[in-house]
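Beneath this line is the structure, given in structure tokens, with notes to follow.
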Amino acid sequence: MASLTIRKLDETVKTYLRLRSAKNRRSVEEEVRVILRELIEGREEPLTPFAVRPAPSPAPTSQRTGALPEASVTLIIGGGIAAYKSLDLIRRLKERRIEVRCVLTKAAQEFVTSLAASALSHERVYTDLFDPQSEFDAGHIRLARDCDLIVVAPATADLMAKMAGGHADDLASAILLATNRKILLAPAMNPLMWNNAATRRNVSLLQRDGVVLIGPNSGEMAEAGEAGTGRMSEAVEIAAAAERLLRPPVPRPLAGKRVLITAGPTHEPIDPVRYIANRSSGKQGFAIAAAAQAAGAEVILVSGPVDLSDPQGVTVKHVESARQMLEQVQASLPVDIAIFAAAVADWRVASEGEQKLKKTSAGMPPLQLVENPDILATISKLTDQRPPLVIGFAAETEHLIDNAKSKLDRKGCDWIVANDVSPATGVMGGDRNTVHLISRKNGESTGEIAVDSWPAMTKEQVATELVARLVKSVTGKSLEPAS
Ligand SMILES: Cc1cc2nc3c(=O)[nH]c(=O)nc-3n(C[C@H](O)[C@H](O)[C@H](O)COP(=O)(O)O)c2cc1C
């Protein structure tokens with residue numbers, strides 16, 4: 001009969017066996033016997049009492065598939081009395097959908113067990129730089145790079161000294177030297193160690209190198225009668241600091257600003273079933289609304305009938321006709337910026353048929369057209385609630401720049417975004433746009449007109465560029481357009 005050497009089993013199987021045997025309070029050998037017996041009797045436990053994952057892939061979390069987790073941390077646990085708090089930290093990070101892979105220093109294993117860290121992280125725990133199982137493909141480099149952040153908790157005086165000196169004589173220090181990821185340290189030590197000149201020197205060197213520190217806090221120490229600065233921050237504080245580094249707040253340069261945008265065509269009814277329309281898709285206006293919202297603005301989008309989903313976080317008012325659009329625009333004032341990207345019908349039928357118009361022997365019914373309200377001019381010429389920045393769109397099929405320049409004067413707005421909507425350009429309904437931003441130099445109401453011609457780009461890129469100009473105009477600060 002062949003014998004089975006547990007030591008020679010593959011690492012994932014060994015981890016599984018260790019976890020399962022610990023759970024069932026049996027030796028690993030006994031656990032194997034139980035599994036085999038249950039298999040033969042056909043009543044084996046599910047083989048995943050803990051989620052044992054395959055060996056980590058070299059791609060960073062963001063490139064891995066699956067919705068969870070959203071980020072990954074290599075957690076280095078140093079040899080301090082506060083190591084027990086790091087077991088709670090594993091849970092706190094995982095609660096935040098952060099995958100955790102633990103590395104325990106030799107000294108850390110005097111305070112907490114690899115088994116506990118492994119059971120809580122649901123991952124293999126790493127302890128040895130010269131581990132043939134993980135070093136066959138330079139495992140320490142993977143641990144250093146195959147994560148989004150490295151957290152050291154507790155960061156002992158010794159580990160910080162090694163980092164400051166660039167040492168790499170064990171797995172933890174080798175990872176810290178080989179990484180190009182951000183590092184968060186949670187120091188924990190006796191107050192005298194923390195205040196020692198050598199530790200002070202090391203801390204300031206590390207901070208100069210870009211390493212981030214959380215804590216230490218002040219209070220009672222583990223040693224009887226000792227108090228001062230040196231307590232490791234609480235697990236929730238460290239997890240929150242890690243989260244801030246992993247998910248930095250997005251800049252919101254338009255926060256506090258109200259932006260009104262119109263988009264899409266209008267439908268001008270002829271009778272209950274027919275209407276006058278145009279080919280506008282609303283894509284450009286919707287893209288501007290989404291970009292302004294992403295920049296932190298409160299956005300109100302007044303949209304004609306379109307086949308687009310409402311952008312997230314934007315208040316959308318759906319309308320049909322030009323008159324309804326004007327009504328909703330007026331009801332949305334005051335705003336800081338108004339952008340009129342809708343292709344509003346210039347005319348409507350003088351008297352809309354109450355019933356469907358019928359074909360008769362009298363021939364075609366006469367359709368008398370009357371002018372629609374000019375929304376851009378109406379708002380630009382307001383004396384009371386005129387938005388500080390009013391932007392119109394000029395959709396032209398010929399003499400684009402000249403027509404747009406004269407529109408700037410005629411309507412009384414501040415900027416015109418001119419685009420060529422000749423059928424050959426595919427702009428109407430398409431995904432790309434070539435625009436020219438027409439404004440008065442120095443923002444004065446009279447004076448020379450400046451024409452800024454942008455290269456062809458997607459409507460989302462036009463929106464991003466335009467929002468970057470809005471930010472500069474209203475805050476005086478430049479916004480790096482998102483790539
Ligand atoms: C009971 C005990 C508690 C310790 N607590 C700490 C501590 O809180 N912080 C610290 O920097 N060192 C502490 N040490 C000293 C470290 O364990 C020692 O410097 C060790 O070499 C650190 O190894 P590491 O940095 O590789 O984890 C403690 C030692 C003992 C015996």
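The values are calculated or read from the model by the stated rules, or taken from the named source; none is laboratory data. These numbers were taken from a predicted model, which means no experiment stands behind them. Every residue, glycine as well, gets a Cβ built from its backbone with ideal geometry; the counts of neighbours run over all protein chains shown.
The table that follows gives values for the structure above.
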| quantity | calculated |
| --- | --- |
| Residue among ARG200, ARG258 that is among the basic types (Lys, Arg), surrounded by fewer than 20 Cβ atoms within 10 Å (Cβ to Cβ), within 16 Å of the ligand (Cβ to nearest atom) and at pLDDT 95 or above | ARG200 |
| Some residue of the stretch 34-56 being more than 16 Å from the ligand (Cβ to nearest atom), in a helix (DSSP H, G or I), surrounded by 14 or more Cβ atoms within 10 Å (Cβ to Cβ) and modelled with pLDDT under 95 | yes |
| The stretch 301-321, residues that are closer than 19 Å to PRO269 by Cα, aliphatic (A, V, I, L, M) and in a loop (DSSP other than H, G, I, E, B) | VAL306, VAL319 |
| Criterion violated by PHE393 - all others in (1) among the hydrophobic types (A, V, I, L, M, F, W, C); (2) assigned to a loop (DSSP other than H, G, I, E, B); (3) buried (at least 21 other Cβ atoms within 10 Å of the Cβ) satisfied | (2) |
| Pairs, first assigned to a loop (DSSP other than H, G, I, E, B) in the stretch 445-464, second among the basic types (Lys, Arg), C-beta under 8 Å, six or more apart | THR446/ARG440; GLY447/ARG440; GLY447/LYS441; GLU448/ARG440; GLU448/LYS441; ALA456/ARG432 |
| Single residue of LYS85, LYS94, LYS106 found to be away from the ligand (no atom under 16 Å from the Cβ) and in the same structural domain as ASN190 (by TED's automatic domain parsing) | LYS94 |
| Count of the stretch 333-355 residues which are within 33 Å of the chain's Cα centre (by Cα) and crowded, with 19+ Cβ neighbours inside 10 Å | 8 |
| Residue list for the stretch 294-327, filter: polar (S, T, N, Q) and modelled with pLDDT under 95 | SER309, GLN312 |
| Of residues in the stretch 221-236 being of a type in the set (Asp, Glu) and within 13 Å of the ligand (Cβ to nearest atom), the one nearest to LEU192 (Cα to Cα) | GLU226 |
| Test for LEU185: is it within 13 Å of the ligand (Cβ to nearest atom), under 33 Å from the mean Cα position of the chain (by Cα), of a type outside the set (Asp, Glu) and not in a helix (DSSP H, G or I) | yes |
| Output for the stretch 135-163, where each listed residue is away from the ligand (no atom under 12 Å from the Cβ) and more than 33 Å from the chain's Cα centre (by Cα) | GLU135, PHE136 |
| Wholly within the stretch 74-163, helices (runs of 4 or more DSSP H) carrying at least 3 residues that are crowded, with 19+ Cβ neighbours inside 10 Å | 83-95, 114-121, 139-145 |
| Residues of the stretch 164-182 classified as part of a helix (DSSP H, G or I), away from the ligand (no atom under 11 Å from the Cβ) and not hydrophobic (A, V, I, L, M, F, W, C), total | 1 |
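Listed here are the residues, each with its yes/no results for (1) modelled with pLDDT of 80 or more; (2) of a type in the set (D, E, K, R).
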residue	(1), (2)
LYS407	yes, yes
CYS413	yes, no
VAL421	no, no
GLY426	no, no
GLY443	no, no
ILE449	yes, no
SER453	yes, no
